[in-house]
Amino acid sequence: MFPACRYSLQARRCVGALKAVQAEHVAPQVCSTRSSSSTLSRITTHYSVYPRDKDPRWEGVEMERFADEADVVIVGGGPAGLSAAIRLKQLASQHEKELRVCVVEKASQIGAHTLSGACLEPTALSELIPDWKERGAPLNTPVTEDKFSILTEKYRIPVPILPGLPMNNHGNYLVRLGHFVRWLGEQAEELGVELYPGYAASEVLFHEDGSVKGIATNDVGIAKDGSPKDVFERGMELHAKVTLFGEGCHGHLAKQLYKQFNLRGNCEPQTYAIGLKELWVIDEKKWCPGRTEHSVGWPLNRNTYGGSFLYHLNEGEPLVALGFVVGLDYTNPYLSPFREFQRWKHHPSIMSTLEGGNRIAYGARALNEGGFQSIPKLTFPGGMLIGCSPGFMNVPKIKGTHTAMKSGMLAAESAFSKITDENLQSETAGLYIPEYEEAFKKSWIWKELYSVRNIRPSFHNYFGLYGGMVYTGIFYWILRGKEPWTLKHNGLDADQLKPAKDCTPIEYPKPDGKISFDLLSSVALSGTNHEHDQPFCPAETQSFSCVYEYVPLETGDGMRLQINAQNCVHCKTCDIKDPSQNINWVVPEGSGGPAYNGM
Amino acid sequence: MSARVLVGVKRVIDYAVKIRVKPDRTGVVTDGVKHSMNPFCEIAVEEAVKLKEKKLVKEVVAVSCGPQQVQETIRTALAMGADRGIHVEVSGKDYETLGPLQVSKILAALAKKEQADLIILGKQAIDDDCNQTGQMTAALLDWPQGTFASEVNIEADKLKVVREIDGGLETIKINLPAVVTADLRLNTPRYATLPNIMKAKKKKIANVKPADLGVDVSSRLEVLKVDEPPQRQAGVKVETVHDLVGKLKEAGRI
């Protein structure tokens, strides 16, 4: 279950004990986060767990916040958020209206927290910015070769990609999404959007009538023990007529909003996968720009959903983007997606491409797989959800960027008419815009997600992967998803782990330092860093950057949980997969986190 | 006091980023890489703003040399409390070869033009570790210098500087106008909060070219090549002193 190799049998026993215990209570041999014994340090000092008004260290500290008004505030400077901002400004200039649009983004620069394969379908982009080529959008690699295979330990079985299958990539582009997002940010700024990278939205603000008023950025200058430092400064409030939430997969503010407005009452819970990615500079002789390879099978067994991608990019030097995706509904707690990824690279067909090359970047991010069945209610008084936050990824295509962008554009279009309507009588202080949801249901996103809705759930059968492929072949390729039934998912990812005693441990090979690597050196490559002296989230499970680890107690007996929050790459998997669901990922001081460059 | 402080800030690759040498070995990859203000420059700005808050100086001017992107760095300084900024435009090949000598010439010219009474700089930049700009600027202006400052106080019209030196701490008193370079323990820089960033957008940044200041930015240095540090070779453990001597003789060291 834990990626790093230093865990002893003792630690595994602790994990086993944890799994056996239900909900809140923690087994006594693991140093408890909840018992406030004076000899043990608290795992978290975050104010959501230890409120400040009862804390004597916060007496007399100025808590008044500076507030500013905008017409629209967008949380998240990713494809969805930036597309919405651009669309709003386009409409404003078209109709000669003034509109103040502010985008807050937790990364230090736009694109620094963006991670994706990525194979982009340019449909939404062409709708948003038809002259994207002249404007220098970094879509430099059209797909020239498309390969799909099933891997066994030693061999590769090619599978033909017939036109009409979702994996067919003709007409698409291989991109470095971080660079694309950076370019979108530049387009937005040119149109007058106010971009504020390095400032994380940490709190949703509400009007008296319960509608969303805006957001507040996080306070800075709080020490690890929860007390205010000399440089403590309160966050700022940004109020808006409507707030768009585009935080990406499993956003922490969206999590709050689902509860507050009961947005998930009529849909299935979202299911996720974890995506791990590396960028390699390879030997020129092995480089074929435009080649797109996907695989399923080894090293995963047929009941664990997942697969790999390997894209040859045409960006000056012989660069390949490769990665591995594992569905987070895996049942074996000994499975480590990170180590499966490293192991996959040793397959003869992959190793032949990577030999002689150099790894230059690493990163990880959760992605949503629920698709059509898991789409929540998208609009509520004062706000709307866009992008991967509610989740519009087309799972068999493994593409979510085009749908995220389109959802941002639809939200902008529906919001624009309401915001600029001078005679509007709104029932709530924050605008309620049901037109967004109506437009969404009529759009091509809805049709696309509907047609592939049964592919992912079709894996939940005895034959696992093979059953799913047969289903796809029959019902999608032939019938185009028109079958009258809708298959259900299996429930929450967090509930899927079986007790350790019921599963076989997996023996992973040691990383060789040339093709496969250990977790710590990978984290160093992500450029991740945070201000070390700040509080962090309460937790008890795995991470893709060695955040959570069990270390021996200084007194000798037993282990304690140590959280190395500095290593966090913001992938959100801990919040998703934790079986007791007691992890609440909270945003750190803005501009911390990974420093991806064109991931 | 009607003093004006000039603070130099440099835009460097962020300290947490893992840098990569360019394939043509002429330098380091900078495109798209996360950049931020040099940490020692942040400390310098903080010190200047603190002096202004104590009403010992009247105006803080932030200066940076480089291409369009350094305006972000100047904005951060403005958000921390500087009053206005000066962007000295240097781009392309000139920017790649820009070094302490040219920057100190620019700062000296600006100090005379703006009639600055105090220049505060970071002690060194984390990308080149030169530790030369402050000292050269003082020499060009023929001003006294208080380098590696861990404490700065203005007393009457003299500057008392506590310096961090190898042996401990040295306290000196120098006349104004002077150049001070900031060391780590001088202060803890404040955060550039969002409301301050928004206010900073309204503060002025003047654009100047080195030629306007009469400075020639051509470099007298040529970078021949840039390489990664060599891989550490594994050490060899020996059992006895005799073995050690034997091995050293073998390697021709003794």
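Tabulated results
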quantity: Label-point separation in nm, A:LYS447 to A:VAL551, each point 7 Å along Cα→Cβ; calculated: 5.7
quantity: Per-selection Rg to Rh, chain A - Cα, Kirkwood hydrodynamic radius; calculated: 0.95
quantity: The protein assembly as shown, accessible surface, carbon-and-sulfur percent (1.4 angstrom probe); calculated: 52
quantity: FRET efficiency estimate (nearest 0.05) - Cβ-Cβ, A:THR123 to B:GLU59, R0 60 angstrom; calculated: 0.65
quantity: For region A:55-71, 3J(HN,Hα) per residue [Karplus equation, 6.51 cos²θ - 1.76 cosθ + 1.60, θ = phi - 60°, Hz, x = Gly/Pro]; calculated: 9, x, 5, 9, 5, x, 7, 5, 10, 5, 10, 6, 10, 9, 10, 10, 7
quantity: Per residue accessible area of region A:164-311, 1.4 Å probe, in Å²; calculated: 34
quantity: Threshold 40 Å² - residues in region B:12-38 whose accessible area is reduced by that much or more when the chain is no longer isolated, probe 1.4 Å; calculated: B:ALA16, B:LYS18, B:ARG20, B:GLY32, B:LYS34
quantity: Gain on full stretching of the segment that runs from A:SER521 to A:ASP230 - 0.36 nm per residue minus C-alpha separation; calculated: 101.4 nm
quantity: Spatial separation of Cα centroids for region A:396-473 and region B:28-58, in angstrom; calculated: 45
quantity: Value of relative contact order over chain A, rounded to a whole percent, pairs C-alpha under 8 Å and six or more apart; calculated: 22
quantity: Buried accessible area, chains A and B (both chains, 1.4 Å probe, Å² to nearest 100); calculated: 2200
quantity: Reach of B:LYS22 by Cα under 19 Å, taken over lysines that are not fewer than 8 positions away in the same chain; calculated: B:LYS34, B:LYS93, B:LYS225
quantity: Distance between modelled label sites at A:THR486 and B:SER219, nm, 7 Å Cα→Cβ extension; calculated: 6.2
quantity: CD proxy at 222 nm, helix term only [per DSSP H run n ≥ 4: -39500 (n - 2.57); per residue of chain A; nearest 500]; calculated: -6000 deg cm²/dmol
quantity: Centre separation in Å (Cα based) which lies between region B:159-201 and region A:63-124; calculated: 37
quantity: Estimated inter-spin distance, A:GLU145 and A:ILE478, nm [label 7 Å along Cα→Cβ]; calculated: 3.3
quantity: Among A:151-164, B:113-126, A:352-365, the order from most to least packed when residues are scored by Cβ within 10 Å on average; calculated: B:113-126, A:352-365, A:151-164
quantity: Mean-position separation - Cα centroids, region A:339-371 and region B:71-94, in angstrom; calculated: 41
quantity: Full-extension gain in nm, A:TYR466 to A:ASP55, via 0.36 nm per residue minus C-alpha separation; calculated: 142.3 nm
quantity: Region A:389-474: GluC sites (Glu not before Pro) falling in loop per DSSP and having at most 14 other Cβ within 10 Å; calculated: A:GLU422, A:GLU427
quantity: Nonlocal Lys pairs with alpha-carbon distance under 27 Å, region A:135-257 (8 or more apart, or different chains); calculated: 4
quantity: Share, in percent, of DSSP beta bridges within chain B that are antiparallel, nearest 5; calculated: 40
quantity: Length released on extending from A:GLU355 to A:GLU190, taking residue separation times 0.36 nm less the Cα-Cα span; calculated: 55.1 nm
quantity: Among B:13-20, A:560-567, A:210-217, the order from most to least packed when residues are scored by Cβ within 10 Å on average; calculated: A:210-217, A:560-567, B:13-20
quantity: Per-residue average of Cβ from other chains inside 10 Å of A:178-189; calculated: 0
quantity: Most mobile listed residue (B:LYS173, B:LYS225, B:LYS209) in chain B, GNM with C-alpha springs under 10 Å; calculated: B:LYS225
quantity: Rounded, prolate or oblate (a/c below 1.5 giving rounded, otherwise prolate when a/b exceeds b/c) for region A:51-184 by Cα gyration tensor; calculated: oblate
quantity: Where region A:349-428 is the region considered: accessible area per residue in Å², 1.4 Å probe; calculated: 28
quantity: DSSP-loop trypsin sites (Lys or Arg not before Pro) across region A:431-514, with at most 16 other Cβ within 10 angstrom; calculated: A:ARG480, A:LYS482, A:LYS488, A:LYS514
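The values are calculated or read from the model by the stated rules, or taken from the named source; none is laboratory data. As the structure is a prediction and not an experimental result, all values here were calculated from the model. Quick reminder, even Gly has a Cβ in these numbers, built from the backbone with ideal geometry, and neighbours come from all protein chains shown. What goes into the accessible areas is simple: the full protein's heavy atoms, side chains included, and nothing from ligands, DNA or RNA. Shrake-Rupley method; radii C 1.70, N 1.55, O 1.52, S 1.80 Å.
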